[in-house]
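Engineer: Quick one: the structure is below, questions incoming.
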Amino acid sequence: MNADIKKRALHRSKIIEGQVRRIQKMLNDDAYCLDIITQTLAIQKSLSSLNKLILENHLRTHVKEMFEKGDVDKAVKELLSAYELEKVRG
């Protein structure tokens, strides 16, 4: 994994971890529902940012290698698969 992207991804994952802990605390404290929803939406944005970093790394490393080896079909298939997952889950 690219060192800069790895550093940023780890930082983002720690932020997400803290956000999840905050939700648990909010639930235990019977926080206002819309405040909890606001926090869960923030986590979704954070996860989206993390996915973007991981995809960037994949493109810069694995996909680049596949193209260099002439395995364009495999790279395209993987990217289309990721796109379909996003449509289903996003």
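Engineer: So which of L55, L50, L27 is closer than 17 Å to N2 by Cβ and at pLDDT 95 or above?
Structural biologist: Details: L55 fails: at pLDDT 95 or above; L27 fails: closer than 17 Å to N2 by Cβ.
Just a single option satisfies the conditions, and that option is L50.
Engineer: Follow-up. Using beta carbons and a limit of 8 Å, which pairs, at least six apart or on different chains, have the first residue in region 65-79 and closer than 18 Å to N2 by Cβ and the second one aromatic (F, W, Y) and at pLDDT 90 or above?
Structural biologist: Close Cβ pairs (under 8 Å, with a partner that is aromatic (F, W, Y) and at pLDDT 90 or above) amount to A75/F67.
The values are calculated or read from the model by the stated rules, or taken from the named source; none is laboratory data. These numbers come from a predicted model, not from an experiment. Every residue, glycine among them, receives a Cβ derived from its backbone with ideal geometry; neighbour counts consider all protein chains shown.
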